[in-house]
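S.K.: Please find one structure pasted underneath; my questions will follow.
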Number of protein chains: 6
Amino acid sequence: MYLADETWPELEDYFADESLALVPLGSTEQHGPHLPLATDHLIAEAFAREAADRTGTLCTPTINVGVSPHHKQFHGTMWADAPTFRDYVESVTRNLAYHGIDRVVYVNAHGGNVDHLREVGRRLRDDETLYAIEWMWDESIPELVDDLFAQNGPHGGPKETAMIQHLRPELVREDRLDDARDGGVSDVNAAGTVKHGSRTFYDAIDNTENGVLGDQTDATAAKGEELFDAAVDQLCQLCGWLDAQAFEDLMPKSHV
Amino acid sequence: MYLADETWPELEDYFADESLALVPLGSTEQHGPHLPLATDHLIAEAFAREAADRTGTLCTPTINVGVSPHHKQFHGTMWADAPTFRDYVESVTRNLAYHGIDRVVYVNAHGGNVDHLREVGRRLRDDETLYAIEWMWDESIPELVDDLFAQNGPHGGPKETAMIQHLRPELVREDRLDDARDGGVSDVNAAGTVKHGSRTFYDAIDNTENGVLGDQTDATAAKGEELFDAAVDQLCQLCGWLDAQAFEDLMPKSHV
Amino acid sequence: MYLADETWPELEDYFADESLALVPLGSTEQHGPHLPLATDHLIAEAFAREAADRTGTLCTPTINVGVSPHHKQFHGTMWADAPTFRDYVESVTRNLAYHGIDRVVYVNAHGGNVDHLREVGRRLRDDETLYAIEWMWDESIPELVDDLFAQNGPHGGPKETAMIQHLRPELVREDRLDDARDGGVSDVNAAGTVKHGSRTFYDAIDNTENGVLGDQTDATAAKGEELFDAAVDQLCQLCGWLDAQAFEDLMPKSHV
Amino acid sequence: MYLADETWPELEDYFADESLALVPLGSTEQHGPHLPLATDHLIAEAFAREAADRTGTLCTPTINVGVSPHHKQFHGTMWADAPTFRDYVESVTRNLAYHGIDRVVYVNAHGGNVDHLREVGRRLRDDETLYAIEWMWDESIPELVDDLFAQNGPHGGPKETAMIQHLRPELVREDRLDDARDGGVSDVNAAGTVKHGSRTFYDAIDNTENGVLGDQTDATAAKGEELFDAAVDQLCQLCGWLDAQAFEDLMPKSHV
Amino acid sequence: MYLADETWPELEDYFADESLALVPLGSTEQHGPHLPLATDHLIAEAFAREAADRTGTLCTPTINVGVSPHHKQFHGTMWADAPTFRDYVESVTRNLAYHGIDRVVYVNAHGGNVDHLREVGRRLRDDETLYAIEWMWDESIPELVDDLFAQNGPHGGPKETAMIQHLRPELVREDRLDDARDGGVSDVNAAGTVKHGSRTFYDAIDNTENGVLGDQTDATAAKGEELFDAAVDQLCQLCGWLDAQAFEDLMPKSHV
Amino acid sequence: MYLADETWPELEDYFADESLALVPLGSTEQHGPHLPLATDHLIAEAFAREAADRTGTLCTPTINVGVSPHHKQFHGTMWADAPTFRDYVESVTRNLAYHGIDRVVYVNAHGGNVDHLREVGRRLRDDETLYAIEWMWDESIPELVDDLFAQNGPHGGPKETAMIQHLRPELVREDRLDDARDGGVSDVNAAGTVKHGSRTFYDAIDNTENGVLGDQTDATAAKGEELFDAAVDQLCQLCGWLDAQAFEDLMPKSHV
C-alpha cells in the first residue's frame, strides 16, 4: 500500500493491524553520461513499491536527495550535508512511530546513505522508539551481481544501468554506454583509491573523469529484470522476517 | 527541464547560461476523507514541472514531507520537525549554489511550510549565497479562488479538491465529498480558532473532526483546470521577473 | 503581581494557588523618525503589567530584544537570530514550569516574533510541559483598529504611535509625524511587496525608505487610550478563559 | 545615551563617531526574604545607565534573565540554560556589530553569568567581530566592599542590600533583614561548600536555607550610595580606557 | 617527535619546516575475556609513535575513547556518542591548523571510528582547512593478515591478540585464549549477521556471547611483531607520500 | 583499578559492588620553556591512578586535550572548543552510568577546564543521571602551596614545575628555569590583567611573553613529592566521602 495515495480513514486498518513501513531513499546525483541523476531514487522507489504491493506492507513517499557531496563536481548533483540528512531521516522516521509503526526498512539505493541510515537506526533503537534497518538491493544478491557482470563497478556501472534499462528504459542514453565505460574506470581495483591502507580520495572525481566505474556495455534490460526480481524477493522475505519478530527481540539486549 | 531526468553532461549548458531553479515542496498529510495524503506534494510538483516546461527553467525533485505536526492525530500524516525541515531545505538549496544557481523559487503547496521557507530564504540571502523565495499557487490568484468558491477553506477544501480532480482525478474519492463537508468545518470563521486575539489552537483536530474545512462539493475538475492555468501563468511570470533581476538587486540593501 | 518586585517567600502563595504567567516580549528596533526603538517592548510590558494588576496574574520581566533582522539597515535595531530567540524563550518558559506554571501568555507586541512564539508554544505543548500561547493587542481588537485609522500601517503606523502617545508621550517626536508619513509608505497595499503571489521582499527597507507605513498624523493619545483599554480587556478575558480550563484540555488531543 | 529611547535617525551620529556600547545583564532570581528577585538586573541597569549618562556612551536595554539554575529551588527564580544564554547574548552582541559597534562592556551584576560572558566574549574576539568584556561592580572596588562590611556574603548579602536601599529603597523589606541573616549563612567560610578541594555543592540550597549569605543588617542606603559612586567611577574609567584603544590592539595577538 | 613531551620553543622548528601530524585514536571497549579494554588505543598509539620516530613526524597524544556503543552491554566499555565524537575530533584537528599543520593521518585502531573520521576529514577538506585521512593498520596489510590466521575475526580476534602479545604481553590473559575462541564466534561468516542483504544487528552482543570473533589461539607475539613491522612500514610510506604532495593537490578538485 | 587494563569479565565485581569512578582530565598546552606540553595531563593522570590504587577506586583513561584556546599563540598547544569539550565529557560520563557508575570525580589539572566540568556536572546531576564533581590538586592544599613558594604563579609556575620534577624529572628542562622566570611574569599581581574590575585579557600571551608566571627556580622534586602526597591524601578522602553518601543525598534537593 502506498501511503500517499490513501486517505487518512483508509489507513486506519493498517495501523491497527500492522507496524511495518518501507521508506525508500536514494539520491539525485551524477551517474555518468548514460544514466539520469534520478537513478538511485528511481531504483529505491521501484523496489519499495513492488515489495509493498507483493506483501501488503505500507510504503511511504521517497526521500529523493541523499548524502552525495562526493559527486558534487558533476553538474546537477544535489545533496544534503550528512548531519542534516541524518536528522531529517530521524525526524521523519521517529514521527511515524506516532501512528504505531515500530519497525522500518530503509529501502536504499545509494551507497553514500548507508552509514548514515545505520546511525539513525541506532538512535531510534537505542531509545526504543522503533527498529529501523537499511537494505540495499545489490547487497541482497551479491553472487548474482557478480555472475552477471565481469566488472560491476560500484557507481554508475552495469548493474545500475541494467536496472534503469528494466525500470525506465527511456531514461538510458544507450548511445553513451561506450563513452561511459571508456571515459570512466572499468576495473575498480585499478583506480588506486587506497594508498598504504588509507582511502586517500574523498570525491568521485578523484578517481574517475566521467564519474562512473565498471563496464556499462555489459548491461541489458533482461539482466535488469533478473536482478530486480531476485532482489525484490529478498526484500519481501526481509519483510516477512520482520513481521514475525516480537518487538522486544528487536530492541537492544540488556547488559550482561 | 527536470533535473533528475538529465545526465550530468546534458546539464552543462543550463548552468552555463542560467541561474534559476524551481524546488517543489509539499507535505504528506491528511486531507480529509476524500483526498489522498499526497495532495500537497502532487500539487507542488505539478506546478513546478509545468512552469519549468513552459519557461525552460530547471526543476528539481520534490521534497515530499514537510512541517505537518498539526495534522498528526490523523492516520498516516508524516512530518519533519520544524528545525530539521529548515536545515534540510537550507542544506539542499545551499548546495545548489555550488553549480551556479543563485535564485530559487520554492514552489510550495503546504501552508505549514511557508514561515520555514521564509526563514531559510533569509538565511541564504543574508550571507549572500542565493536568493530564494516561497510561492504558493493560491496566494497568486486570491480573487479567482474567492470567485470560484463560496467557502474555500484553508485545508482540504474545494480549491485543493478541484486541483486534484484536475491533476489526478483517480485519487479523489468523489463519494466522500459530502462527508468531507459535513464532518468538517464548512465556514472557517465559525471554527472559533481565535480567542480574544490569540490563536488558542495548535492542531487541526482542535478545530475540525475530520481534518478539513470548506465546502468540497463545490469543486470540479474544470475549476481545477482554471485555477491551475491561472496560477501556472503567475509562476511563469515570476520566473520571468526573477530572470530579469541583477543578482545584486536581489541581495540585502546596505545600511542606511 | 510583578514577579521581579517580589521576594521568594512572598511568591509561595501564588504558586500554590495559581498556574498562569504572563511573559511580555517585544523588540528593540527602528520605528521610524517619530517613535523610539523601545516601542514594541514598552507596549508589551504595559499590557502585561496592566492585565496582571487587574486579574491578579503573575507577570515576568520583559524580553526586550526579539526577531528583527528585517529592520537591521536602520540604526540601532537590535535582534536575536531566530533559532536563538526560540531557544531562549523556550528555555526561560520551560524553566517556569519548575515552579508550577502550566499555562503562559506571551504578551507580544512585535509581529516578527509571532511565528517563533507559536513554534515554541508547540514544543512546550507537544511534550506536555505547559501550554503557552501568543497574544498581540491589535489582533484582539481588529475592528476598532480599522475604525480609528484610515491607514493603520503594519509597522510604526498610527496605531503604535497612538499607543506610545498614551503610554509614554514624552517619547513621541510629535514634530516628525508628517515626516514619518511622507517619507514612508502610507498605504501598505501600494508597497508592491508581493509579486505574482510571492513575497519577494525580506527587509523593511525593501519597501519603505524611512522604515514605517501608514498615516501617523492620524494618531492621538486619546485613541491610544481607547485602544489600550479595549485590548487590555481582551487580555484579561483571555486570562480568565485560561484560568477556567483544565490542564488536560489544553494538551494535545489523542490520536483519532 | 539610552538606545531604546532614541529614534533611528537620532542614532546616526553616535554610530558614525563612536563604537562602544554598554549591555546591562542581570538575573531574576531569589535574593532572600528581604530583597526582590529583580535585584541583579536592577543593579546592572543602574550602573550601565549612569555610566552611559556620564560618559556619553550608548546603553542598550537590559537582559533581565540570566544563568540561575542554582537558585531554582526558591520560588520565582527564572533562568535560561547556560548554552542558550550564551547563544542569545552572542547573537544580540554580534548583531550590534552590524551598526559599527566594535567594543562592548557587559555590565553584569550576577556572578552566575560571568564565565558565560567570558566565553561569549572569546567567541566574538576570536573571529574578530568585536571586543566584549565582562564587568561586575563589586569586582571593581573589592577593598571598599571589604572595608564597609564584616561579612559581605557572595549572594543577597549586605553589599547587594545596600545597593537596593540606595537605588530602590521601596523594594527592600527592612523588617526582614534580621531574618535574612539568621536564616542564612552569615560567614561564607562556615558554609562548608568545599570538601578536600572540590566544590561539592551545585545549588544555593545546598548551603543555605533561605538562599542568602552575609550579615544584611550591616547594610545602609548611605553605604549603597558610596559603593555605587565608587563603582560607577570605575566603569566610567573603563569606558575611557576602551575608547582610547585601537581596535587592532584589542584583537588576538598573532602566533609567536 | 611526540608533541606532548616537547616544550613550545622546541616545536618552533617543526612547524616552520613541516606540516604533517599523526593523531592516534582508538577505543576503550571490551575485547573479550583475554584482552584489555585498552587494546585499540594501545595499538593506535604504538603505531603512531613508532612511525613518528622513524620518519620524524609529529605525533599528538592519543584520543582514548571512541565510538563504541555497540559494545556497551559488556562491562566497562566507554564511548562517546557519534555526533559528539565527530565534533571533538574535528575541533581538535581544526585547531592544529592554527600552528601550520595542513595534513593529518588519523592513526586509528578501531573499526567503529572509521566512518566518523572520514566524515570529519571531509568537513576539514571541504572548507580547505586541512587534509585528514584515516589509516588502520590491518587495512594496510590485508594479505599478510589473511596469511597468518585462518580465522582472523573482525574484533578481539587473533590479529589484535598477537598485536598486544607483541606490544604489551603482560596485558594478555593467555589462559583465556581458549575461552575467547570457544565462547565467541570463530568464523565470522557463521554469525548470521546479515539477513536478505540487510545488517539486522546493531550490537556485538547480538552476534557473540563473549564479544569476540576469530580463533585467538592462533595468535603469537612473533606474528604480532611481523604484523607490526609490516604495517608500520606502510604507515611510514604513507607519511612519505603525504609529505611529497602539494597542498593544492590534496584539496577538492574544481567543478568540471 | 585502571579500567583500560582490565578485561570485561574482570570488571563485573567492581560494577556490582561499587559506583564511583575517577576520570582524569588535563590539557596539552604550552607550559613555558621548561615544562612539556603534557604537564597538565601527566599530573591529572598521576593523581587519579595513585588515588585509584590506594582506595581501590576505578580509574578511566585520561582525556588529554582540554579547553586551552588561551594558549594558542604558543607552538603546539592543542585544544577543543568549549562547547565541544563539554559535550564530549558529558557523553563519555553519561555513558559510564550504563554500567552502574553514579558518582564521578573529574581529576583535573587544568584551570581552563574547571567551569566546563562544573557545567557538565550540573547537566548530569539535574537529570539525575549521576553526580560528578571537579577536583584540582592545588585547590585541595592551598596553604601548603602558599607555604612552599613565594611566587607560585597560576600557570607553569613552581608548583607545576615541582610536580613534574617529582613525577617525570626527565621532562623538566632544568637549564631553562631561570629563563622561565625571567621571560615570564614572576608576580601575578604585577601582570595588570584586571582593569577597573574587568578582566581585559583573553589569552596568556596578553600578559606574559613566554607563557608562564611565578618563580620556577623555587621548585624542587622534594617539594613536588610533598605536594603530591598531601594532595593525593585529599583526593583519597574525597573518594571516601563520596563512597559514604547515599545517592539521593547527592541529587538536587527538592523545591522549598
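Read-outs: derived from the displayed coordinates by stated rules, not from any lab. Every value quoted in this text rests on a predicted model; they were computed, and no experiment measured them. Glycine also receives a Cβ, built like all others from the backbone with ideal geometry; neighbour counts cover every protein chain displayed.
S.K.: When each copy gets a label point 7 Å from Cα toward the beta-carbon at F:H255, what are the spacings between them in nm, shortest first?
M.R.: With the label placed 7 Å along Cα→Cβ, F:H255 yields 3.2, 3.2, 4.5, 5.3, 5.7 nm.
S.K.: A further question on this structure: Just need log10 I(q)/I(0) for region C:20-85 at q = 0.15, 0.17, 0.28, 0.30 Å⁻¹, Debye formula, equal scatterers on the alpha-carbon atoms, no solvent, rounded to two decimals.
M.R.: Calculated log10 I(q)/I(0) at the listed q: -0.50, -0.61, -1.10, -1.18.
S.K.: Of F:G240, F:G66, F:G156, which is the most mobile in a GNM of chain F whose springs link Cα atoms less than 10 angstrom apart?
M.R.: F:G240
S.K.: Helix E:158-167 versus the longest principal axis of chain E: what is the Cα-based angle in degrees, 0 to 90, to the nearest 10?
M.R.: 60
S.K.: How tilted is helix A:221-244 with respect to the longest principal axis of chain A? Cα atoms for both, answer in degrees (0 to 90, nearest 10).
M.R.: Roughly 20 degrees, rounded to the nearest 10.
S.K.: Please name which of B:A4, B:Y98, B:A109 has its Cα lying farthest along the dipole of region B:1-144 towards the positive end, using unit charges on Cβ (Lys, Arg +1; Asp, Glu -1) and the Cα centre as origin.
M.R.: Looking along the dipole axis, the top candidate is B:A109.
S.K.: How far apart are the A:D126 label points across copies, placing each 7 Å from Cα toward Cβ, in nm, shortest first?
M.R.: In ascending order, 2.1, 2.1, 2.2, 2.5, 3.2 nm.
S.K.: Right, here's the next one. Compute, for region F:3-250, the length of the dipole vector about the Cα centre, with Cβ point charges of +1 (Lys, Arg) and -1 (Asp, Glu) only. Units Debye, rounded to 20.
M.R.: It comes to approximately 780 debye.
S.K.: Do any GluC sites (Glu not before Pro) in region F:14-65 lie in a loop, going by DSSP, with at most 11 other beta-carbon atoms within 10 Å of their beta carbon, and if so which?
M.R.: none
S.K.: Could you check which residue among E:K72, E:K195, E:K223 shows the biggest mean-square fluctuation in a GNM of chain E with a 10 Å Cα cutoff?
M.R.: Residue with maximal mean-square fluctuation among E:K72, E:K195, E:K223: E:K195.
S.K.: Can you give the log10 of the normalised intensity I(q)/I(0) at q = 0.14 Å⁻¹, computed with Debye over equal Cα scatterers of region A:3-250?
M.R.: So the normalised log intensities are -0.93.
S.K.: What value, in deg cm²/dmol to 500, does the helix sum -39500 (n - 2.57) over DSSP H runs of n ≥ 4 give at 222 nm once divided by the residues of chain A? Mind showing how you got there, number by number?
M.R.: Numbers: 10 runs with 111 residues, N = 256.
One gets -13000 deg cm²/dmol as the mean residue ellipticity at 222 nm.
S.K.: Right, here's the next one. In a Gaussian network model over chain F where Cα atoms closer than 10 Å are linked, find which of F:A80, F:A204, F:A44 has the largest mean-square fluctuation.
M.R.: F:A80
S.K.: Follow-up. Averaged over C:29-36, how many beta carbons belonging to a partner chain fall within 10 Å of each residue's beta carbon?
M.R.: 4
S.K.: Take peptides E:141-152, F:162-173 and line them up by average Cβ neighbours within 10 Å, highest first, as a rough protection proxy.
M.R.: In decreasing order of mean packing, E:141-152, F:162-173 become F:162-173, E:141-152.
S.K.: Let me know the Rg and Dmax you get for region F:205-253 when you use only its Cα atoms, in Å.
M.R.: When restricted to the Cα atoms of region F:205-253, Rg and Dmax are 18.7, 49 Å.
S.K.: Still on this structure, please answer the following. Between region E:173-201 and region C:39-111, how many Å separate their Cα centres?
M.R.: Taking the Cα centre of each part, region E:173-201 and region C:39-111 sit 59 Å apart.
S.K.: Averaged over peptide D:189-200, how many Cβ atoms belonging to another chain are found within 10 Å of each residue's Cβ?
M.R.: 6
S.K.: Along the three principal axes, how long is region D:82-176 when you take its alpha carbons, biggest first, rounded to the nearest angstrom?
M.R.: Largest to smallest, the principal-axis extents are 49, 27, 25 Å.
S.K.: Where does each of F:V114, F:V67 land when they are ranked from fewest to most other beta-carbon atoms within 10 angstrom?
M.R.: The fewest-first ordering by Cβ neighbours comes to F:V114, F:V67.
S.K.: Same structure again: Mind scanning D:K72/F:K72; D:K223/F:K195; A:K72/E:K72; A:K253/D:K72 and naming the pairs with a C-alpha gap bigger than 27 Å?
M.R.: On the way: D:K72/F:K72 37 Å; D:K223/F:K195 23 Å; A:K72/E:K72 37 Å; A:K253/D:K72 38 Å.
Over 27 Å apart, Cα to Cα: D:K72/F:K72; A:K72/E:K72; A:K253/D:K72.
S.K.: A follow-up question, please. Note the angle between two axes, namely the Cα long axis of helix A:8-17 and the longest principal axis of the Cα atoms of chain A, as a number of degrees from 0 to 90, rounded to the nearest 10.
M.R.: Roughly 80 degrees, rounded to the nearest 10.
S.K.: How well do other chains shield peptide E:54-67, expressed as the mean number of their Cβ atoms within 10 Å of each residue Cβ?
M.R.: 3
S.K.: Calculate, for F:D178 and D:L144, the FRET efficiency according to 1/(1 + (r/R0)^6) with r their C-beta to C-beta distance and R0 45 Å; round to the nearest 0.05.
M.R.: Given R0 = 45 Å and the Cβ-Cβ separation, E is 0.70.
S.K.: Report, for B:A150, each distance to the same residue's label point in the other copies, shortest first and in nm; define the point 7 Å along Cα→Cβ.
M.R.: B:A150 label point versus its equivalents elsewhere: 3.7, 7.5, 8.7, 8.7, 10.1 nm.
S.K.: For a footprinting-style exposure proxy, rank E:H41, C:H255, A:H70 by other Cβ within 10 Å, fewest first.
M.R.: Ascending Cβ contact count within 10 Å gives the list C:H255, A:H70, E:H41.
S.K.: When the C-alpha atoms of the protein assembly as shown are aligned to their principal axes, what extent does each axis show, in angstrom, from largest down?
M.R.: Result, largest extent first: 96, 92, 54 Å.
S.K.: What dipole magnitude, in Debye to the nearest 20, does region E:104-174 give about its Cα centre under +1 on Lys/Arg Cβ and -1 on Asp/Glu Cβ?
M.R.: 200
S.K.: Considering only chain A, pick the residue with its Cβ nearest the axis of the rotation onto chain E, and state the distance in whole Å.
M.R.: Rotation axis A onto E, closest Cβ, rounded to whole Å: A:D115, 2.
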